[in-house]
1. Where the label is 7 Å out from Cα toward Cβ, how close does A:T285 come to the same position in every other copy, in nm, shortest first?
2. With each run of n ≥ 4 DSSP H residues scored as -39500 (n - 2.57), what mean residue ellipticity at 222 nm is computed for the protein assembly as shown after dividing by its residue count and rounding to the nearest 500 deg cm²/dmol?
3. Quick check on my link table: of A:K145/B:K243; A:K426/B:K194; A:K187/B:K425; A:K426/B:K145; B:K379/B:K426, which ones sit more than 27 Å apart, alpha carbon to alpha carbon?
4. If you line up the long axis of helix A:273-286 against the longest principal axis of chain A, both from Cα atoms, how many degrees apart are they, to the nearest 10?
5. Can you sort B:V290, B:V374, A:V217 so the residue with the fewest Cβ neighbours within 10 Å comes first?
6. Within 10 Å of each Cβ in A:209-220, how many Cβ atoms from other chains are there, averaged over the peptide?
7. Residues of A:229-240, mean number of Cβ from any other protein chain within 10 Å of their own Cβ, rounded to a whole number?
8. Mind checking which of A:V256, A:V416, A:V332 has the largest fluctuation in a GNM of chain A, springs on alpha carbons under 10 Å?
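Every number in this text was worked out from the coordinates using simple rules, so none of it is lab data. On a predicted model such as this, the values are computed, not experimentally measured, just so you know. FYI the Cβ positions are ideal-geometry reconstructions off the backbone, even for glycines, and counts take in every protein chain you see.
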2 protein chains.
Amino acid sequence: MRGFIPGLYTLRHGAIMNDDPRMRGFSRRADVDDVAALIDDHVAPLAAEWAELLAAGGRVLAADMTARTDVPAFARAAMDGYAVIAEETFGATPTDLRTLRIVGESLPAAPASAAVEPGTCVRIMTGAPVPDGADAVVPVEQTRKEQTGQPAPKLREERRRDGDASVAITAPVTPGRHVGRVGEDIKRGTVVLKAGRRLRPQDLGALSSLGFPRVPVVRQPYVALIVTGNELLPAGSKPDGYKIVDAATPMLMQLVQRDGGKLLTGAIVRDEKEALREALSVAATRADCVLVSGGSSVGQEDHAPSLVRELGELSIHGVAMRPASPAGIGFVHQKPVFLLPGNPVSCLCAYDFFAGRAIRLLSGRHPNWPHTKVRMPLKQKIASQLGRTDYVRVRIENEQVVPLAIGGASILTSTVRAHGFVIVKKNAEGHAPGDPVDVRLY
Amino acid sequence: MRGFIPGLYTLRHGAIMNDDPRMRGFSRRADVDDVAALIDDHVAPLAAEWAELLAAGGRVLAADMTARTDVPAFARAAMDGYAVIAEETFGATPTDLRTLRIVGESLPAAPASAAVEPGTCVRIMTGAPVPDGADAVVPVEQTRKEQTGQPAPKLREERRRDGDASVAITAPVTPGRHVGRVGEDIKRGTVVLKAGRRLRPQDLGALSSLGFPRVPVVRQPYVALIVTGNELLPAGSKPDGYKIVDAATPMLMQLVQRDGGKLLTGAIVRDEKEALREALSVAATRADCVLVSGGSSVGQEDHAPSLVRELGELSIHGVAMRPASPAGIGFVHQKPVFLLPGNPVSCLCAYDFFAGRAIRLLSGRHPNWPHTKVRMPLKQKIASQLGRTDYVRVRIENEQVVPLAIGGASILTSTVRAHGFVIVKKNAEGHAPGDPVDVRLY
């Protein structure tokens, strides 16, 4: 947490919810952007830990990585051919050959014992050390067997036949040609990758070349999930009578992984204040971030908001958005706690707007939406309310955006059928047919 | 493998490489699109296996998933309020109240014992079963305490005080209002998700609601990596003299994971034909796909192409592209084998063009490039050769595309500095400044 001071946000931005327990509903709803600002102000990357290089893909560097060696560390051949003194090849043509005596061979990790002196050369393979004296490599395609004038056979065969023959050069090379210079790829002492970089495959390759066995990375956050509801059976159960199966855990498992966190799950908590208090307190002690699914609104079984206020601070409860308006955020033991509505679409929406952002920040990633974005015209209008942010599930059909639903927070299949979603900002009253809109793809 | 017949491709598309061992270099190079077509023809998704729902995120469904229950399975309240006979609320206004006697309470998984009859209602919470007789829910916001005309207190408090009171309705509801119908989200017997679907977070939620504890998914391919080269030290070592550290394994580890495979690694294989034969034969027996890094060209230490031909079929060797022209593909024990050049940029390029495609197909995914694509104008021209496909590393600066390099296959940091790459197709001689180009982002 970066300088988190409980109560600060509330003071700075004004109280969000009317705390009078006799009031029903939300007296005032927070703006979506204010919630994001609160998260950005109070959530910072976790401390560093070491990751083995082979397991560091996708992790975020916690420190600059400085090269401790040159890559390459020695001049190496970039082609199969002959290491030569470039000057001796000047003027060579297929009819005006330059003949050089072969005095040795350089293979990868097996350098030639002889140096190249005027009138001589060394056979060399791609990646092999360029011998002393030589300053260029003539590719084998620009040479001939000296005696016959025929194209030279494969180097291996030649070596077998006539160990110490000569070779005729048919074209000139300039100094440095086909030689990988010391430090050409990476110079010793340079910063190869900066702190904050999310490691890509090629980054791991470069770090490996430099001899790093492990790298300092931002620790992955543990995200505790508390699922509440007397009507819920654990994921993997069959629905039974009036009992329904928890949809939040499998969904959040994948979302939290996507954002760089590790989900900690527990038994489903009954809608009882003491049980939830215990679960919340333990979760905020053990994890870096807590998600509470269900029990987050203002109904009689909704204990989560008051418990967050009691155990820490309830910074925001109620957001001017649809769906997910009962979402909330607070801090317990200075760990961010997200109140996610029990309705599955609201849960997905509140996670993606708020909790995912915090988890990406804790992981050291960029906080913005991780979805691929495409811009296409709307087929039908989207109606929205001024002052409210809408999360509209849409399909893409014939390069046009077809809205599926704004409401219907319990209809999870609206998100299954959708290709993505459009965010209608609070200062828009919706969008007209033909308007280009940004679709974030699921 | 889908109907793989060794030799078929070679016959259909013509031989790609001159097999005469006395010839140097590639007599003819295959087209990039021909390689992709070969892969698409001969590589198909692996068989199905079961995955636990919580571990199925991102996996590909191997069968249609049909709902065995309705969701919801019972009519449920979509709001906190009162379950009523809608008709009895018609005409209600704040000055013309409709008063109903409360005969019970319905909570999630705890239905009311009484049915709703004319003149009565049942208190109900979001998600609770709608009692017999009722056909709508009046939200608590559209009610008043009957006696006082004041806004009703929270339902829990009301229940404590005066268990069997009445409530006054201030606005009408239509039949079905705020009631989630049976099967409204998912109807029993419908196909919720089709085979081939890559599972998203919300898909797992829907499958969980339907009571699936596990799902049939395409098995993840095991991808064996053989790294060859006498000059190589294993990843995690420090470079030492003329010995350099393997950059391919960490890079390919992350790439193979990205594409849905699991990388199997082994000790680095020396540039000796027998050692490589043994490694290749074991790898093709145990894994679903084999990657050979290094030893893939036509130099004296390049045994991989001839061994693939000996143990199975070398379908293509040499591709008209830059970098990665020595790349090849064949089949051993009917498993696809990819010859990846030892130069790290060529390795990345050949992996992404060919091996990644095959691994995605084996995993059941769409074979196309997985990178996010953006279209922007070029800042400087890119020169290319007609008939050759180029893989150009680029940076994006001020919304313009700046090419970094086409050649320099040993300069891995060109891919570290780049934001992505542009593919220059074989029928283009490059692109002029200002031309819009597609950048695939790393």
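1. 5.4
2. Values: 20 runs with 172 residues, N = 884.
Helix-only estimate at 222 nm: -5500 deg cm²/dmol.
3. Values: A:K145/B:K243 31 Å; A:K426/B:K194 36 Å; A:K187/B:K425 33 Å; A:K426/B:K145 35 Å; B:K379/B:K426 21 Å.
Over 27 Å apart, Cα to Cα: A:K145/B:K243; A:K426/B:K194; A:K187/B:K425; A:K426/B:K145.
4. 20
5. Values: B:V290 30, B:V374 17, A:V217 25.
Listed from fewest to most nearby Cβ atoms, that is B:V374, A:V217, B:V290.
6. Details: counts 10, 4, 9, 5, 6, 1, 0, 0, 0, 0, 0, 0.
Average per residue, whole number: 3.
7. Details: counts 3, 6, 9, 3, 3, 2, 11, 8, 3, 6, 11, 4.
Mean partner shielding for this stretch: 6.
8. Evaluated over chain A, the most mobile residue of the options is A:V416.
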